[in-house]
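Structure in C-alpha cells, see below.
Each reported figure results from applying straightforward, stated rules to the coordinates on display, with no laboratory input. Given the structure is predicted, the values throughout are model-derived calculations rather than measurements. Heads up, the Cβs are rebuilt from the backbone with ideal geometry, glycines too, and the neighbour counts pull from every protein chain shown.
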Amino acid sequence: MKNILLTGLFLTTSLLGITAQADSAKASSMWDMPQPTILSKAQTGFNDQPYQSYVQQERVKLKNSNQFRIDVNALSLKYDYNVSTYFINEGASYKNQLGYTSQGTTNKQGLLFKDISCAGAGCVLGGDKSVLKLGDGVNIGQIAAKSTLDFKLRADGYNRGNNAYVFGAQDSKNADGLQHVVAYGIKGTGYILMGFEDLYGNGASGGKFGEYSDRDFNDTVFIVDIGKKNVDAFLRRDVPEPSIMLSLLGLSAAGALKLRRGKAA
Ligand SMILES: [Ca+2]
Ligand SMILES: [Ca+2]
Ligand SMILES: [Ca+2]
C-alpha cells in the first residue's frame, strides 16, 4: 500500500516536471524544443513525387525569385484546419532547422524539423548521418480560422545553435536584408510549397561565416498542407502585386523552376 502511494506521488511529480520543462522551452525558443514525431509516407499517405519537379537545380540561381515572394500575412487561414508539413527535399550541406509560429486565434509556435538532412534515393544533397526521407511529415495540429502561419529557417542550426542565422519571410528582418523564401500555392490541392535559401548574401563572400550564396532557394523545400478551401480562398484573393502567391502550374512558374535532372553537383 505504502509502495503504491509512493509510486503514485513519484509519477505525479515526474509528470509535473515534464510539463514545466515543456512550458519553459516554449517560452524560450522553438529551437530548444524536441523533435516532434516524424511520420512516414506510409503513415500519412502523402505523396511527394508530383512536387519533386519543383525543386530548383542545385547551385542554379532562381532568377525570378522576386515573383514568388511571400507576404508575411499570406498564410492567413480563412477556415479551421489540422495543418501538417511535409519535407520535399534539400540541396544543402548544412543541417538546417525549420520552425513555425501561428498568431491570431491560435497562438503557438514549434519546431518542425530539427535536422533537415535528406537520406536515401532522390535527395538533392544527401549525405552521411542524414535523417529525413522524402515526404516525411510533421503534424502541427489544429489551427483556427483567422490565424496567420509563419515559417523560419535556422541555417545550419543543428550545428551552429544560437550562433546561426534565422531567415524568414520578412526581408528586413533577415541579417542580409534579402529575400530567403519563395512560396507557391498549388491549385487543386491544399498545399503551399516553400523553398528556403540558407546562405547569407548575394553571391560575394559575406556575413559572419563568409558565405557565397548561390540563391538557389532549394536548401529546404517543404509543403505545408493548409487545406484546399484555404488555398482556394487564397488564390481567389485579389492581390495587387504578384508577390504573394501564384498558381505554381502557370507558365511563368514552369519557366522559373526547371525540372531537376540527374544528380546534383
Ligand atoms: Ca542548394
Ligand atoms: Ca544535405
Ligand atoms: Ca542555396
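Just add up the charged neighbours of Lys95: K/R +1, D/E -1, any other residue whose Cβ is under 14 Å from the Cβ of Lys95.
Numbers: positive: Lys114, Lys129, Arg154, Arg160; negative: Glu90, Asp115, Asp128, Asp156, Asp198, Asp219.
Around Lys95, the surrounding residues sum to -2.
All other residues with a Cβ under 11 Å from the Cβ of Asp156 taken together, and with Lys, Arg as +1 and Asp, Glu as -1, what is their net charge? If you can, show how the numbers build up before the last one.
Values: positive: Lys95, Arg154, Arg160; negative: Asp115, Asp198, Glu211, Asp219.
Residues close to Asp156 contribute a combined charge of -1.
Among 109-120, 89-100, 158-169, what's the highest-first ranking by average C-beta atoms within 10 angstrom per residue? Let's see the in-between values first.
Details: 109-120: 20.1, 89-100: 24.2, 158-169: 17.5.
Top of the packing list down: 89-100, 109-120, 158-169.
Return the long-range amide H neighbours of Phe113 (sequence gap of 5 or more, or a different chain), with a cut-off of under 5 Å between placed amide H atoms.
Distant-sequence amide H within range of Phe113: Leu98.
Working from the pairwise distances between different alpha carbons, so that the mean of 1/r is found and then inverted, what is segment 103-234's Kirkwood radius in Å? Each step should come with its number before you reach the end.
Numbers: mean 1/r = 0.0616 Å⁻¹.
One over the average 1/r among Cα pairs gives 16.2 Å for segment 103-234.
Please give the residues of segment 187-224, grouped as numeric ranges, whose backbone N is less than 20 Å from a label point set 7 Å along the Cα-to-Cβ vector of Asn163.
198-201, 205-213
Would you mind classifying segment 33-256 by shape? Square roots of the alpha carbon gyration tensor eigenvalues, ordered a ≥ b ≥ c; an a/c under 1.5 is rounded, otherwise it is prolate if a/b is larger than b/c and oblate if not. All intermediate terms of the calculation are to be shown ahead of the outcome.
Working: a/c = 1.34, a/b = 1.17, b/c = 1.14.
Here segment 33-256 falls in the rounded category.
Same structure, new question: Give, rounded to the nearest 20 debye, the magnitude of the charge dipole that segment 33-256 has about its Cα centre when Lys and Arg contribute +1 at Cβ and Asp and Glu contribute -1 at Cβ.
Working: 23 positive and 22 negative charges, 81 e Å.
With Lys and Arg at +1 and Asp and Glu at -1, about 400 debye.
Would you please state which residues of segment 45-80 a label at Gln170 would reach in this model, taking the label point 7 Å out along Cα→Cβ and a backbone N cut-off of under 17 Å?
70-76
May I ask which residue of Ser93, Ala121, Leu77 lies farthest towards the positive end of the charge dipole of segment 33-256, with charges of +1 (Lys, Arg) and -1 (Asp, Glu) on Cβ and the Cα centre as origin?
So the residue furthest toward the plus end is Leu77.
Okay, moving on. Regarding segment 42-87, what whole-number volume in Å³ per residue does the convex hull of its Cα atoms give?
On the way: hull volume 6.2 nm³, N = 46.
Taking the convex hull of the Cα positions in segment 42-87, it is 134 Å³ per residue.
Length gain on complete extension for the stretch Asn82 to Lys228, per 0.36 nm per residue less the alpha carbon to alpha carbon distance?
Values: separation 146, 0.36 × 146 = 52.56 nm, distance 1.17 nm.
Stretched fully, the Asn82-Lys228 segment lengthens by 51.4 nm.
Same structure again: In which sequence would Thr37, Thr189, Thr105, Thr220 go, from the one with the fewest C-beta neighbours within 10 Å to the one with the most? List each step's numbers first, then the result.
Numbers: Thr37 9, Thr189 17, Thr105 13, Thr220 28.
So the ranking, lowest neighbour count to highest, is Thr37, Thr105, Thr189, Thr220.
Checking the table Lys114/Lys173; Lys41/Lys187; Lys61/Lys114; Lys108/Lys208; Lys129/Lys187 against a 24 Å threshold on Cα-Cα, which pairs fail? Display every interim value, and only then the final one.
On the way: Lys114/Lys173 22 Å; Lys41/Lys187 22 Å; Lys61/Lys114 26 Å; Lys108/Lys208 31 Å; Lys129/Lys187 36 Å.
In this structure, Lys61/Lys114; Lys108/Lys208; Lys129/Lys187 lie more than 24 Å apart at Cα.
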